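Worksheet: one structure, shown below.
The values are calculated or read from the model by the stated rules, or taken from the named source; none is laboratory data. Keep in mind the model is a prediction, meaning the values are calculated, not measured. Neighbour counts run over all protein chains shown; Cβ positions are idealised from the backbone, glycine included.
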Amino acid sequence: MEKLEKLEKVVRKKAIWNKLMGAGLLGLVFIFAGCSQNLARFSVATTSNLPMTDLTKGEYVKGKDCIFTFLWWGFGNTSNRVSGAVAKALEVSAKKGGPSDALVNVDISESSWQFIIGRNCIWAKGQAIELNK
């Protein structure tokens, strides 16, 4: 009888341990999860109003606006991130000596990763243009 009770205790402990390991594994799946998605697609993106008449096209440039996260809470400037990514792409073009009035054929996307701390970025990629005045 005593051996049977010891065996039952061992079986119960193993069952509890297996449940805890399963819950821990499921928790790790959620912690290591990441995602990426396309947020928007524009034909023209700019941070100011521009008349579109005569323009000069430059090369395709990329800009990003990122925030850091801690326990799924974002820290940093969480507003106007698409505009920030577009502005940074235009800065890249200006630093290369290219046109920097606006972007055409713009692709806006978002990517993130998370593990207690993480990072979330908005990307803007488009062709820089300059309006000929």
- prompt: What number of residues within segment 77-133 satisfy the criterion of being within 14 Å of GLY63 (Cβ to Cβ) and touching a Pro at 6+ places or on another chain (Cβ under 7 Å)?
  reply: 2
- request: Pick out, from segment 26-82, the strands (runs of 3 or more DSSP E) lying fully within it that include 1 or more residues that are modelled with pLDDT of 80 or more.
  value: 55-70, 73-75
- request: Looking only at segment 94-107, decide whether some residue is closer than 30 Å to PHE70 by Cα, outside the structural domain of GLY27 (by TED's automatic domain parsing) and touching an Asp or Glu at 6+ places or on another chain (Cβ under 9 Å).
  value: no
